[in-house]
Every structure is written in C-alpha cells, then in structure tokens.
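J.: Before we start, here is the structure in question, set down as structure tokens.
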Amino acid sequence: MLKICNDLLPDSDLVYIAFRLAACDTLERMVLAAHVGGLADRPFGYLNEVPFLKQTPPQVQLDVLVDAWARHCEPGACDTDLVDESVVYAVCETAARIVLADAGSVRKTLRDGPRPVDQPVNLSLSKRIEALHHDLSNEGDFLLISQFQDIPPDEGRELKRKFGLAESAAEPMFELLGRWHVAPQFAERAAGLLTEREISRCIELFRARHSSALLP
C-alpha cells in the first residue's frame, strides 16, 4: 500500500473507485482529443488538479497513475514521493468532481470495470473520495512547487528553505514534466483497474499520439 508521509492509503473499494474514475476520464479525453485535433494542444487529464503538472502528457499521466495503483496493490507499506502524493490528490479530486457531475457515467464506468463494487453514486460518495486525501498527513508540498516557477532561482531556493521543501524532493516533479514515454509494464500495472479492452485502447492511443510514446 502507498505510504503518504506517516499514513497508509487504505486498501479499499473507495480507492479503486477514485483511481478507476480518474483513469477512465483521462482516457475518454484522450479519445476525444484524437478526434478533435484542436483539443490536443490544451492541457487535460486528472493531473490538471495540480497546477505544476498540468502540462504532463496525458499518456504519462496514465502511466504514473497505473504505476501508483500497482504499487498500492502490493503487500506492505510502499514509500512515496511528491509525484505519488500529486497522483493521489488529483485522482481523488477528479473522481469526487465526476461523481457529482455525471452519476450515470460513473455507474457505467464502475459496472463495466474489472472489480465488482456496490456503492451508491451520490454526494456522500463524492465527499468520502475527497476525504481519502484530506485524511492523509501530507503537507501539500506538491501544490507549493508551482509558486517557484516564475521567480529567480536564488529567491526560489530561499522560499523552499522557508517552506522546508528540499531541492531533491522537487526533482521527481520536474522529471515528470520532461517525460514522454510510457513504461513497457503499463498493461501489467493497469490490470485490475482497467479492463483488457481499455488497456488495449490506451496502447492504441499512445502509439497514435506518437510512435515512440510507448517504450518497446
């Protein structure tokens, strides 16, 4: 299970619901972008919830989502970094919003998923999904990083010291923005969260988006 600061993200249907809804919403937006060219140039995907990571390519967003999901499914505590914290936050915020905005679509997404769940799709579900990240003891450093983008480096370093944010802690966030490729283990990691058909669709879109987006 993912360990966020001192807390373990629960191994529960609620976490599965949040991750699945965020993944499927991002996948649907990729399908739309593939058919409507102008949308492809606009930032989209669940990581739009984290200002610093809005420009992360959607295929990479899905890749880090399924990577976090796969590690969460492993026994024992799994240490995390600011990217993992960003993923959990963005997944929960996105899923909570979708539950309120389109209950019918949420029911279908859950009904068609690889894991049977029985949860009323209502305001209570949205609030419980939001509570998943609110109840974790992280300090939201992944949200602070965006404040350092448009200021001189020396001033930025001083602000990071003020907020207690180590330079090394921010490195995975910067590295993520520079990624384009999807790991070859994508299908394996997505198992249990996405169906085989959805996984195949993802890989088709990755290749259509750019022939080198999927690592061999």
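J.: List the residue pairs whose Cβ atoms are under 6 Å apart, where the first residue sits in segment 97-116 and is farther than 13 Å from F19 by Cα, the second is not hydroxyl-bearing (S, T, Y), and the two are 6 or more positions apart or on different chains.
T.: From residues that are farther than 13 Å from F19 by Cα, the pairs are A103/V121; R107/V121.
J.: Now a separate question. Out of all the residues in segment 11-54, which are part of a helix (DSSP H, G or I) and among the basic types (K, R)? Walk me through it before giving the result.
T.: First pass over segment 11-54, keeping only residues part of a helix (DSSP H, G or I): 13-35, 37-41, 46-49, 51-53.
Within segment 11-54, R20, R29 meet the criteria.
J.: What residue, of A18, A40, A34, is of a type in the set (G, A, S) and either modelled with pLDDT of 90 or more or closer than 23 Å to A77 by Cβ (or both)?
T.: A18
J.: What are the residues in segment 55-85 that are over 11 Å from the mean Cα position of the chain (by Cα), closer than 15 Å to V15 by Cβ and in a helix (DSSP H, G or I), if any?
T.: A70, R71, H72
J.: Can you tell me which of D84, D63 is under 27 Å from E196 (Cβ atoms), crowded, with 23+ Cβ neighbours inside 10 Å, in contact with a Cys (Cβ under 9 Å, 6 or more places away or on another chain) and not hydrophobic (A, V, I, L, M, F, W, C)?
T.: Values: D63 fails: in contact with a Cys (Cβ under 9 Å, 6 or more places away or on another chain).
Just a single option satisfies the conditions, and that option is D84.
The values are calculated or read from the model by the stated rules, or taken from the named source; none is laboratory data. Please read all numbers here as calculations on a predicted model, not as lab measurements. Counting neighbours? That spans all protein chains shown, and the Cβs are built from the backbone with ideal geometry, glycine included.
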